[in-house]
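Inspection log for the structure reproduced underneath, given as structure tokens.
The values are calculated or read from the model by the stated rules, or taken from the named source; none is laboratory data. This one's a predicted model, so the numbers in the text were calculated from it and none came from an experiment. Positions of Cβ are backbone-derived with ideal geometry, glycine not excepted, and every protein chain shown enters the neighbour counts.
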Amino acid sequence: MSSHEHESTPEPRRPRRFRRPLAVAVLTGALAALSLVVPGTANASAQAWECSSGDVCVWNATNGTGSRCSWTNADPDWWSGSIQCSWSDTQNARSAYNRGTSSSYAGVAFYSGANYSGYLGCLSQNGGWDDDFNVRIRSHRWVTSC
């Protein structure tokens, strides 16, 4: 007898029918968990320049990004008023957008000091500043025109 005659024939392999659905289920679960942890780029883009209708908004970064502060009414002191802009005493405003809707007040005037002192400029309704807007603001008020 040769040595080949004594070898046993290997058992046939079991079908892999359960491995593929299991791998698909594990992969689907992992992707679902990942989507809860990592925000999508669509969400990040939608937040740029986000400013509610009727408000004036300012950001500490360009292109309407970064930390935002927003107001519906005038504010004589961003640092200690009824609505405080937490970063405005240490960081410049880098972008702004006026989404005001009043027919009586067509613009927003910005000031470097409290109580509307140190006029910086005015932003008309539906107007925005970006990039070249890099100033420390402390107060603003709605005005009839710019």
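A few points about this structure:
- Scanning region 88-112 for residues that are out of contact with any Cys (no Cβ under 6 Å at 6 or more places or on another chain) and among the charged types (D, E, K, R) yields Asp89, Arg94.
- Taken as a whole, the condition of being within 19 Å of the chain's Cα centre (by Cα) and outside any helix (DSSP H, G or I) does not apply to Ser104.
- Within region 110-146, the only residue that satisfies the criterion of being of a type in the set (S, T, N, Q), touching a residue at least 40 places away in the same chain (Cβ under 8 Å), in a strand (DSSP E or B) and surrounded by fewer than 18 Cβ atoms within 10 Å (Cβ to Cβ) is Asn134.
- Yes/no for Asn98 being at negative phi, of a type in the set (S, T, N, Q) and crowded, with 17+ Cβ neighbours inside 10 Å: yes
- Number of the condition not met by Trp78 [criteria: (1) assigned to a loop (DSSP other than H, G, I, E, B); (2) surrounded by 19 or more Cβ atoms within 10 Å (Cβ to Cβ); (3) more than 23 Å from the chain's Cα centre (by Cα)]: (3)
- If you go through region 51-66 and pick out every residue that is modelled with pLDDT of 95 or more and surrounded by fewer than 14 Cβ atoms within 10 Å (Cβ to Cβ), you end up with 3.
- For Gly66, the criteria (1) part of a strand (DSSP E or B); (2) under 22 Å from Gln47 (Cα atoms) hold in every case but one, which is (1).
- The residue list Trp129, Trp79 contains one member that is of a type outside the set (Ser, Thr, Tyr) and out of contact with any strand residue (DSSP E or B) (no Cβ under 8 Å at 6 or more places or on another chain), which is Trp79.
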